[in-house]
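In what follows, a structure is listed as structure tokens, so that the remarks can point back to it.
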Amino acid sequence: MEPLYLGLDASTQSLKASLLSENLDVRAECAIHFDTDLPHYKTKGGVIFGENGQVYSPVMMLVEAFDILFDKIKARNWDVASIKGVAGSGQQHASVYWSNQASSLLSNLDPKTRLVDQLSPAFSRSIVPNWQDSSTSKECQDFQTTVGGPVALAKITGSRAHERFTGPQILRFKRNHPDTYRETSRISLVSSAITTLLCSDGGVKGIDESDACGMNLWNVEGRHWEQSLLDLIGEDAGEKLGEVEKDAGKVVGHIGKWFVERYGFSPECAVFPGTGDNPATFLSLTLAPSEGLISLGTSDVVLVSTARYFPNPESHAFFHPARGANDSPSYFNMIVYKNGSLARQHVRDLYFEQSWDKFNAAVESLRPQAVTDLPNKAAFWWLLPDIVPHNAHGVFKYITDPSAGLFEIGAAQKVDAFPDVSSEALAILESQLFNYRSRSSTILDDSNTPAEPSTASLPDNIPRLTRVYATGGASANKTILSLMADVLSTKVCRNVEFYDNQWKDAMWNACSVGVAYKARWGYERSQGREITFDDLVAECRNNRAKLRGAEEPSISLEEEGIRVVAEPGEGARAYERRVDWWRALEHKALSEMNK
Ligand code: ADP
Ligand code: XUL
């Protein structure tokens, strides 16, 4: 029987599973969608919108999703008896509250009965606050005041205070519901709650260290809970949060009896620590230091892998999600932008008759082709108040003299619309991509002092990502990818899979695949072999190439399973000369916004 590995992903809207081979081929996937498969919880997009910015989901919806996901897996005849290891991914920041009865209920589950009919009293709080919640502004202020402001909080915990982060969420819960808080025995993140359910051995499993960095509570460099913030919450906050799991590939338990007897899992199937959805995506791409990911979804997200800790109020620094207890620490940084695809789509609808083809044609007709084609227009589309720059809002468009140096930015002409409509498409794309170029450079630049706001001027030779992976809806757009390669001055790659005798874009779910990789790595280590996560994944990819009979990777492949989809052209050299210019214009837009 072929050994298999399972990854689960409890995201905002669904619970998904990916089944992987020993060499990390994705064999099968399936999903439960909360709105449609569990309509009685009455969620929209997986959540319920309450008053005063509250956004949450019912905790029992996640439990029942487990019931129907495993029923579906059984109906599809997945060979669960061959699964050697499993790990889970969970939406970040969201928290789960266990009651005093949790331990005995979890260790006495009846395999003949569904989880949803047994576990309701295991939770002290019936809801899971969602990452879209914005009800904790007061608590965020209290967090920052406690340690001396946003820069200080970022330095300690990797991020300034954010409403969605778990620490402020817990504090608000305690203030509003002190009795229920007192009745709570343990607090998990969604990722560690999944790990706990998978083991069902009575123990509430530790929070994963990478995911803990999304809480505003974890002292990232010291690798411990920040005592001053635990004191702010008070009343045994440290005991409720428990020990953090610092070895991302450790066996934290085995799959519970409930899964073994009800579905036929092997009792030997090892469970590894779950992690957050963004750390899991990071793992699916095995990002090495100085590589990045740009996800062009509803919002845009930039992930940058670094060997050093770079806390900054604009970004989130996370511990690497697959470090063994003895490996030297490394990190990744995440920047989240609200005005991603929605802003691009708005410009497309306004000026290009809702057609990406027309939008793309406009970009292609105007984009720089030579080092001398310096961009001279910029457009900042902050339709929603953005996260980065903090609270930036409004639309700002500028035209500068084509050869304008930094000192002439003051003379930039502010316009409501560009004289030629075609410029609207190029200007929004360039400004978004310059943003990712500029801020990722700051993170990569060793000379920048951590925790200083990233207004530090860039050196002449601007550090750049050594390669960037593109994902999300807009990564289907070749013009956007090609412009990305120019503005970021680097290769743009995608994951590909070999089937039907050709390479096709990988369509699997990155989060559940990323944690299945982690389970595979952890299992290898549990067999007594010391190997790093990256080496193990590389080894599996090489095995795949050999099995395919490939002499060497085909020329269109960067390496096994990774294809270059765009490379910087001549225009890249023009953009290289304009990063400082763009920064000065962003600065100008922000100062005019505040007038
Ligand atoms: P989500 O954040 O919901 O996961 P997706 O990653 O599916 O979102 O991305 C959805 C967005 O992708 C849409 O808002 C749409 O504007 C954008 N998109 C889809 N196709 C294209 C395209 N060809 N060019 C540019 N953007 C696109
Ligand atoms: C990241 C964030 C979301 C959630 C849900 O900070 O809030 O990406 O992880 O996907």
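The values are calculated or read from the model by the stated rules, or taken from the named source; none is laboratory data. Not measured: the values here are computed from a predicted model. For neighbour counting, all protein chains shown are included, and Cβ atoms are generated from backbone atoms with ideal geometry for every residue, glycine included. We work out accessible area using only protein heavy atoms, side chains counted, and drop any ligands, DNA or RNA first. Shrake-Rupley method; radii C 1.70, N 1.55, O 1.52, S 1.80 Å.
Quick notes on this structure:
- In terms of Cα atoms, the Rg and Dmax of the range 294-376 work out to 18.7, 56 Å.
- Kirkwood Rh, angstrom, the range 167-295 [1 / mean 1/r, Cα pairs]: 16.3 Å
- Every pair of different Cα atoms in the range 38-158 enters the Kirkwood calculation, which places the hydrodynamic radius at 17.4 Å.
- Ranked from largest to smallest solvent-accessible area, with a 1.4 Å probe on the protein heavy atoms, R114, R544 come out as R114, R544.
- Distance from the Cα centroid of the range 524-543 to that of the range 336-365 is 43 Å (rounded to whole angstrom).
- Computed about the Cα centre, the dipole magnitude for the range 290-396 is approximately 120 debye when only Lys and Arg (+1) and Asp and Glu (-1) carry charge, each at its Cβ.
- Order of exposure, largest accessible area first, which applies to D35, D117, D445, D357 with probe 1.4 Å: D357, D117, D35, D445
- The range 1-49: mean projected area of Cα convex hull, nm²: 3.9 nm²
- Less than 5 angstrom separates the built amide H of G253 from those of V271, all sequence-distant by 5 or more or on a different chain.
- Taking amide H atoms as placed 1.01 Å from N in the peptide plane, the amide H of N100 lies under 5 Å from those of S185, each 5 or more residues away in sequence or on another chain.
- With a threshold of 24 Å on the Cα-Cα distance, the over-threshold entries among K414/K491; K491/K518; K16/K44; K44/K358 are K414/K491; K491/K518; K44/K358.
- Charge tally around G238: other residues with Cβ under 14 Å, Lys/Arg +1 each, Asp/Glu -1 each, net -3.
- What the pair-distance distribution of the range 368-442 shows, using all Cα-Cα distances binned every 10 Å from zero, is 17, 47, 32, 3 percent.
- Rounded to the nearest 10 Å², the accessible area of R182 at probe 1.4 Å: 130 Å²
- Principal-axis analysis of the Cα atoms of the chain puts helix 510-526 at an angle of about 50° to the longest axis.
- About its Cα centre, the dipole of the range 197-247 is roughly 60 debye, where the only charges are +1 on Lys and Arg Cβ and -1 on Asp and Glu Cβ.
- Qualifying aspartates and glutamates (Cα of each under 19 Å from Cα of K338; at least 8 residues distant if same chain): D133, E163, D277, D300, E314, D349, D386, E430, E586
- Normalising by residue count, the range 102-239 has a Cα convex hull of 104 Å³ per residue.
- Test item: Cα-centred dipole of the chain, Lys/Arg +1 and Asp/Glu -1 on Cβ, debye: 520 debye
- Centre-to-centre, using Cα atoms only, the range 230-302 and the range 120-160 are separated by 19 Å.
- Radius of gyration (Cα atoms) of the range 479-586, expressed as a multiple of 2.2 N^0.38 Å: 1.41.
- Computed with a 1.4 Å probe on the full set of protein chains, the accessible area for R223 sits at about 50 Å².
- With distances taken between every two different alpha-carbon atoms, the range 1-100 has a Kirkwood hydrodynamic radius of 14.8 Å.
- For the chain, the Cα-based Rg and Dmax, in that order, read 24.2, 75 Å.
- Using θ = phi - 60° and Karplus 6.51 cos²θ - 1.76 cosθ + 1.60, couplings along the range 106-121 (whole Hz; Gly, Pro as x): 5, 8, 10, 5, 8, x, 7, 10, 5, 4, 4, 8, 10, 9, 3, x
- For K546, the aspartates and glutamates whose Cα comes closer than 12 Å to its Cα, not counting residues fewer than 8 places off in the same chain, are E560.
- Each residue of the range 219-230 was assigned a 3J(HN,Hα) from its phi angle through the Karplus curve 6.51 cos²θ - 1.76 cosθ + 1.60 (θ = phi - 60°); the sequence is 7, 5, 6, x, 6, 8, 4, 7, 4, 4, 7, 4 Hz, with glycine and proline shown as x.
- Between L444, A589, S330, the Cα set farthest toward the positive side of the dipole of the chain (charges on each charged residue's Cβ, about the Cα centre) is that of A589.
- Degrees separating the helix 190-199 axis from the principal Cα axis of the chain, which is the longest one: 30 degrees
- The phi-based Karplus calculation (6.51 cos²θ - 1.76 cosθ + 1.60; θ = phi - 60°) puts the 3J(HN,Hα) values of the range 142-147 at 5, 4, 5, 4, 4, 10 Hz, whole numbers, x for Gly and Pro.
- Taking K112, K414, K246 and ordering them by how much accessible surface each has at a 1.4 Å probe, largest first, produces K112, K414, K246.
- Axis of helix 341-351 versus longest Cα principal axis of the chain: the two differ by about 40°, to the nearest ten degrees.
- Straight-distance crosslink candidates among aspartates and glutamates, where the alpha carbon sits under 15 Å from K74 and sequence neighbours closer than 8 are dropped: E29, E261
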